[in-house]
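Nothing in this text is a laboratory measurement; each read-out follows from the coordinates by a stated rule. What you see is a predicted model, and the numbers here were worked out from it, not measured in a lab. Heads up, the Cβs are rebuilt from the backbone with ideal geometry, glycines too, and the neighbour counts pull from every protein chain shown.
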């Protein structure tokens, strides 16, 4: 079975992770722009980062027959600096034209500040102006509920945002319902200690069904592991779910969402209505 | 097929799921119990048991003993800042 990793920060991973991913049948991965673990000192640092994830990383992945795609943006944590953010936003359109850039992401909130919300809204407008998909980071731990609600309310109230073209990531039990009820895509991140476990991800699939849901391993510079997406595949099989449903969650669903960009090349193996109905 | 809210539910029956998860659940609770013991044994243990974070963890323990198939969601809500609208956030 082919697997797509919808959210992983390969800039922080070793080549051995690409080797492991291809051995586990990962055919494509997507890298949203994120915080480096320290605040960057200039807009130029972001420019170089975007070059890395849109040019060098696809080359590195291709050695392992993995298609690498990325998203560009000013990340939520550094978005609190309005001046820096607007300088970065000024050169994002140049990268949106590149062949492996799927859209704006991962935009969103970190501490739910007014500045973060301002830059979130400005990046949503940029995505709409350029007809781009949007990948959203929801805040961590105690801030997640409030921040998710702020962004859902903003996007619903905006009136011009097609929820089919927006995915919220790092969703958990207390945020999934509001995101899905508003018609957005929801992704669940398997991440030790602070996000989801493989078992809880499969619980959510059993509660909500397969539609508009994705799963990612979110490998980054913290304690994380690209292999955890495959732990979730095993968990789903262990609980007796049909193989076609496993394939829909871990391959077809990312194709349905990411394929809207036109640049994403993997194609789903079934029509989505048929796959989601479990026929 | 188990209880199904909007999705398909579990293909396995509750007894079969218990076979799979019993030892994991036992282990997770035991680790939590041991961690509380570790805090209480250490210097300042009595004081730290009054820490709001510890009290919240203890409230979480109570929560999982209550009935209802939404314990995980209620647990996360317990550890969340209150919900807020965009309008009220802008007032901060």
Once all Cα-Cα distances of chain A are split into 5 Å bins that start at 0, what whole-number percent is in each one? 1, 6, 14, 18, 21, 18, 13, 6, 2, 1, 0
If the elastic network links every pair of Cα atoms under 10 Å, which of A:186, A:97, A:167 fluctuates the most in the Gaussian network model of chain A? A:97
Within 10 Å of the Cβ of an average residue in A:141-148, the count of other chain Cβ atoms is 5
Computed label-point distance, nm, for sites residue A:142 and residue B:17 using a 7 Å Cα→Cβ extension: 3.1 nm
Pull out a ≥ b ≥ c, the square roots of the eigenvalues of the alpha-carbon gyration tensor of the range A:176-238, then state rounded if a/c is under 1.5, prolate if not and a/b is larger than b/c, and oblate in the remaining case. oblate
Förster-model FRET efficiency, 41 Å R0, residue A:237 and residue A:115, C-beta, rounded to 0.05: 0.35
Between residue A:65 and residue A:269, what length in nm is gained on full extension when 0.36 nm per residue of separation is reduced by their alpha carbon distance? 71.5 nm
Calculated from DSSP H runs of 4 or more alone, at -39500 (n - 2.57) each and per residue, what is the 222 nm mean residue ellipticity of chain A, nearest 500? -12500 deg cm²/dmol
Residue B:53 versus residue A:83: modelled label distance in nm, points set 7 Å from Cα along the beta carbon direction: 3.5 nm
Mean Cβ count within 10 Å, highest first, over the residues of peptides A:263-269, B:21-27: A:263-269, B:21-27
If the elastic network links every pair of Cα atoms under 10 Å, which of A:55, A:153, A:172 fluctuates the most in the Gaussian network model of chain A? A:153
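Within 10 Å of each Cβ in A:171-177, how many Cβ atoms from other chains are there, averaged over the peptide?
Values: counts 0, 4, 8, 11, 3, 1, 3.
The mean count of partner-chain Cβ atoms within 10 Å per residue comes to 4.
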Which residue fluctuates the most in chain A, going by a Gaussian network model with Cα springs under 10 Å, if the choices are A:56, A:250, A:184? A:56
Under 1.5 on a/c is rounded, so check that first for the range A:139-279, then, if it is not, pick prolate when a/b is larger than b/c and oblate when it is not; a ≥ b ≥ c are the square roots of the alpha carbon gyration tensor eigenvalues. oblate
The range A:74-209: relative contact order in percent, alpha carbon pairs under 8 Å with at least 6 residues between: 18 percent
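Using alpha-carbon pairs under 8 Å, 6+ residues apart, how would you state the relative contact order of chain A in percent?
Details: 507 pairs, mean separation 50.3, N = 279.
Relative contact order here is 18 percent.
Would you work out if the range A:1-63 is rounded, prolate or oblate? Take a ≥ b ≥ c from the square roots of the eigenvalues of the alpha-carbon gyration tensor; rounded if a/c is under 1.5, else prolate when a/b is larger than b/c, oblate otherwise. Walk me through the numbers on the way to the answer.
On the way: a/c = 2.47, a/b = 2.23, b/c = 1.11.
Prolate.
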